[in-house]
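The values are calculated or read from the model by the stated rules, or taken from the named source; none is laboratory data. Treat the numbers as computed from the prediction; the structure is a model and nothing was measured. With ideal geometry, Cβ positions are generated from the backbone for all residues, glycine too; neighbour counts draw on all protein chains shown.
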Amino acid sequence: MLRVRSTMTRNVVTVSSEDSLCEAFDLMRTEGFRHLPVVDGNRLIGVLSDRDVLLRAEPDGEQIIVPEENVEQAMSLNPITCGPRSSISDAARVMNERKISCLPVVETDGTLIGLITATDLLDLLCQYEEVRREDTIPVSYRLTPMALWKEGPGLAGRSTENGSYIPAS
């Protein structure tokens, strides 16, 4: 069973509740993040999403004016979390049911150790599909007895119970 710890992002960039909302949003845009865990020391206290910021922002032509506030005023408090030993399927299920796109990964004492996002889960799915594709042996379409046997009895002959090939007459 795959565990969250094998897929989560480690060394997560975080912000403090006292940090400027403008600076946090600039960090998100610069680094391509959609979520920033909010910590007090190493302990998780909230999550700030780009959506949290945009709901408070004002459009100004092609620009976005982010209010001069602290992260604390926009963050989501008491986020849903998971532990490093949680299964990937449980994390995905929670994210889907709650309509959230990240789960902070915390130790039992609340210490933030990682973050798993919907993008991480999609990357994992793509890796899985690549492995499955690589493990599939392409069937040869040359009309040799072995190729015909691999294609099955309906193509040109039939196989016996012991797996040998009997060509069509």
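Selection of first residues in the stretch 1-19 that are over 18 Å from Val38 (Cβ atoms) and touching a residue at least 40 places away in the same chain (Cβ under 8 Å) and of second residues that are hydroxyl-bearing (Ser, Thr, Tyr) and surrounded by 18 or more Cβ atoms within 10 Å (Cβ to Cβ), restricted to Cβ pairs under 6 Å at least 6 apart or on distinct chains, gives the following pairs, ordered by first then second residue: Val4/Ser86. Would you please name the residue that is surrounded by the fewest Cβ atoms within 10 Å (Cβ to Cβ), looking only at residues in the stretch 59-89 that are out of contact with any Asp or Glu (no Cβ under 6 Å at 6 or more places or on another chain), among the small types (Gly, Ala, Ser) and under 25 Å from Leu115 (Cα atoms)? Only one residue tops the list, namely Ser89. So, in the stretch 90-126, of the ones that are of a type in the set (Val, Ile, Thr) and assigned to a strand (DSSP E or B), which residue ends up surrounded by the fewest Cβ atoms within 10 Å (Cβ to Cβ)? Going through the qualifying residues, I end up with Thr111.
Using the structure shown, decide if Val39 is among the aliphatic types (A, V, I, L, M), touching a helix residue (DSSP H, G or I) at 6+ places or on another chain (Cβ under 6 Å) and at pLDDT 95 or above. Judged against the criteria, Val39 is not a match. Do we find a residue being farther than 30 Å from Cys126 by Cα, touching a Ser or Thr at 6+ places or on another chain (Cβ under 9 Å) and in contact (Cβ under 8 Å) with a residue 40 or more places away in the chain anywhere in the stretch 75-88? Looking for residues that are farther than 30 Å from Cys126 by Cα, touching a Ser or Thr at 6+ places or on another chain (Cβ under 9 Å) and in contact (Cβ under 8 Å) with a residue 40 or more places away in the chain, one finds at least one in the stretch 75-88, hence yes. When each of Leu21, Leu44, Leu36 is tested for being surrounded by 20 or more Cβ atoms within 10 Å (Cβ to Cβ) and under 17 Å from the mean Cα position of the chain (by Cα), the lone residue that passes is Leu36.
The criterion of at least 2 residues that are touching a residue at least 24 places away in the same chain (Cβ under 8 Å) is met by the following strands (runs of 3 or more DSSP E) wholly inside the stretch 20-61: 35-40, 43-49. Residues in the stretch 134-147: is at least one basic (Lys, Arg), surrounded by 14 or more Cβ atoms within 10 Å (Cβ to Cβ) and at pLDDT below 95? Within the stretch 134-147 (the criterion being basic (Lys, Arg), surrounded by 14 or more Cβ atoms within 10 Å (Cβ to Cβ) and at pLDDT below 95), the answer is no, since none of the residues qualifies.
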